[in-house]
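Report on one structure; see the data block that follows.
Every read-out reported here was derived from the displayed coordinates using simple, explicitly stated rules and does not represent laboratory data. From a predicted model like this one, the values you see are computed outputs, not experimental measurements. All Cβ positions, even for glycine, are placed from backbone atoms using ideal geometry, and neighbour counts span all protein chains on display.
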Amino acid sequence: MRELPRTITETAQRLRAREVSAAELADAFLDAARADPFNAWLCIEPAHARAQAGAADARLRAGGDAPVLTGVPWACKDIIGTKGIATTAASKILAGYKPVYSATVVERLDARGAVMLGKTNLDEFAMGSSNENSAFGPVRNPWDPTRVPGGSSGGSAAAVAAGQAVFGLGTDTGGSIRQPGALSGVVGMKPTYGRVPRYGVVAFASSLDQVGPLTNSVEDAAIVCEAIFGIDPHDATTIDRPIDVRRDLDAGVRGLRLGVPREYFSPTGVEPGVTAAIREAIAQFAKLGAEIVDVSLPSTDKGLAVYYIVQPSEASANLARYDGVRYGLRVPGRDLVDTYKKTRGAGFGPEVKRRMILGTYALSAGYYDAYYVKAQKVRTIIKREFDAVFERVDALVTPTSPTVAFPIGAKTNDPLQMYLNDVFTLPVNIAGLPGLSMPCGLSEGLPVGLQIIANSYQERMLFRVAAAFERATEHHQLRPMKAA
Amino acid sequence: MLPIDRGRVEHVAGLARIALTDEELDRFTGQLQVVLGAIEQLKDVDTSAVPPSASVLPLENVMREDEPRPSLPVAVVLAQAPDREGDLFRVQASLEERPDA
């Protein structure tokens, strides 16, 4: 086979031209995944992948209208439940655990004939921005293996960047798809809250979590969204809205109003190389006929504080279920409570423990109003500021992350510095909006991510803006040197 | 608001049912003080006329018919139990036995 396909659209075209079979593709990608030098995978599932590929070939041979994802090899973040296939959330507390049902998103991709290669590494329970919090070792960045790929969906991002999978699924609670997308030089998209069923996904912070794609093109991200979007009786937070988000990919940005929130450029800590690449992208949008509008989201700098109350609070409740009783690790203690404590003390890594303590503290008697209720009030203010801005503009353009990929170990002893990685992505989760990160150039030889934010359920607008930029530029064609 | 100290971290870790080593207690106390320091800035935001966000969704109660459906087989549900007795998950007693029970 010549070079492996990079995109869903290219894969679909080559499969339909009979240039390659789904079975051959699966084998080639399994080989690439097995040879992975970045620790992107927690498990590779050759038998499962080959069975799905065989079924895909039968479907393609039958002709007709096989879905575009039929036979396309993909990588599943190991926080998304897969029936009979280990799902660990990169935690020792779930080592060996095999779900008894698959997540709705997995069932939807299965139904469309996609071929799951295996499960990818992540920060434990998706808590992190560098993939260094995995119980199974850090993921390395394909652009520079001494650096982090971003997190928490670092394994899916690295696998897609390195050409070991055509697309990946991630989850995004405060930036965990977009930030690794940015740092690894791929497209990463977080849908509007309520678009994608969370059923079968290990719960982290339930008012913030969404599943979304990591891909090598904007159109691919839209294709995956159309496959996984839609109401699910198993998740009462899913919402019924039109899902034909690919419709305006060719519409361009002429006449659109694109907002540039000034607060996303002022804080210290934004690298000059990042700002320069984003400014250049904004100039490109102007050249393409968009009207660039200076806007303000004054409470942006409060987002981090709101997030680090709401998110650990919800997580401390969600992770209470890991008690060593029904599945997973059990470390016996002198009585039942001691067994809980020893199990959780041995099973959780340091970042998970910190967040459990922070969340339990924020919810505890005497502190609940001062922390949790206060944060939810400021959350309302942040949401209202976005609402007001979207009365004036069609989308926002910002940096995804203040920095490019940083060296492994650089921030592991300073949680607050680590949290600041997500300062531009987490407001989007707080307000429940859709956001996308895409490559917009390099700084110091490393990818810079451009974040586009749209109003709730306006994914069609989000992809329209992103596709216009991708078509006018060549940043998405850059490849990590080490991946070939 | 009082800054969090080692004793309070130990207390809250107990509420969260997490055993910590002395080294973890020392390290987490310092780290949580820094994080809580950054969170303190919310005090300065005037929220007197603002309701708390319960959800970002434009949804009220989502109702459905209460229909009986098959559940997972007991054997499947129990298959990964760290300890079991028959069709039950086995754990240590959480209440002391009453002699007359």
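Numbers below:
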| read-out | value |
| --- | --- |
| Tabulated pairs, the stretch A:207-224, first under 14 Å from A:Asp250 (Cα atoms), second surrounded by fewer than 24 Cβ atoms within 10 Å (Cβ to Cβ) and among the small types (Gly, Ala, Ser), C-beta under 7 angstrom, 6+ apart or interchain | A:Val218/A:Ala467; A:Glu219/A:Ala467 |
| Filtered residues of the stretch B:11-26 (kept if part of a loop (DSSP other than H, G, I, E, B) and either of a type outside the set (A, V, I, L, M, F, W, C) or under 11 Å from A:Ser316 (Cβ atoms) (or both)) | B:Ala16, B:Arg17, B:Ile18, B:Thr21 |
| Test: residue in the stretch A:279-299 that is within 25 Å of the chain's Cα centre (by Cα), within 14 Å of chain B (Cβ to nearest Cβ) and exposed (fewer than 15 other Cβ atoms within 10 Å of the Cβ) | no |
| Residue in the stretch B:13-25 that is in contact (Cβ under 8 Å) with a residue 12 or more places away in the chain, farther than 23 Å from A:Tyr307 by Cβ and more than 9 Å from every other protein chain (Cβ to nearest Cβ) present | yes |
| Residue list for the stretch A:100-113, restricted to those being more than 14 Å from chain B (Cβ to nearest Cβ) and among the aliphatic types (A, V, I, L, M) | A:Ala103, A:Val105, A:Val106, A:Leu109, A:Ala111 |
| Residue in the stretch A:357-367 that is assigned to a loop (DSSP other than H, G, I, E, B), among the aromatic types (Phe, Trp, Tyr) and either more than 27 Å from A:Lys98 (Cα to Cα) or more than 7 Å from every other protein chain (Cβ to nearest Cβ) (or both) present | yes |
| Enumeration of residues in the stretch A:329-348 that are more than 7 Å from chain B (Cβ to nearest Cβ), crowded, with 20+ Cβ neighbours inside 10 Å and out of contact with any Leu (no Cβ under 9 Å at 6 or more places or on another chain) | none |
| Single unsatisfied condition, A:Gln477 versus (1) in contact (Cβ under 8 Å) with a residue 12 or more places away in the chain; (2) on the phi < 0 side of the Ramachandran plot | (1) |
| Where A:Leu358 falls short, out of the listed (1) of a type outside the set (Phe, Trp, Tyr); (2) buried (at least 20 other Cβ atoms within 10 Å of the Cβ); (3) in contact (Cβ under 8 Å) with a residue 60 or more places away in the chain | (3) |
| Selection count where residues are more than 7 Å from chain A (Cβ to nearest Cβ), surrounded by fewer than 19 Cβ atoms within 10 Å (Cβ to Cβ) and either of a type in the set (Gly, Ala, Ser) or under 22 Å from A:Thr412 (Cα atoms) (or both), scope the stretch B:30-41 | 3 |
| Residue within the stretch A:204-214 that is within 14 Å of another protein chain (Cβ to nearest Cβ), within 19 Å of A:Ala111 (Cβ to Cβ) and assigned to a loop (DSSP other than H, G, I, E, B) present | no |
| Residue in the stretch B:44-57 that is at the interface with chain A (Cβ under 7 Å from one of its Cβ atoms), exposed (fewer than 11 other Cβ atoms within 10 Å of the Cβ) and not hydroxyl-bearing (Ser, Thr, Tyr) present | yes |
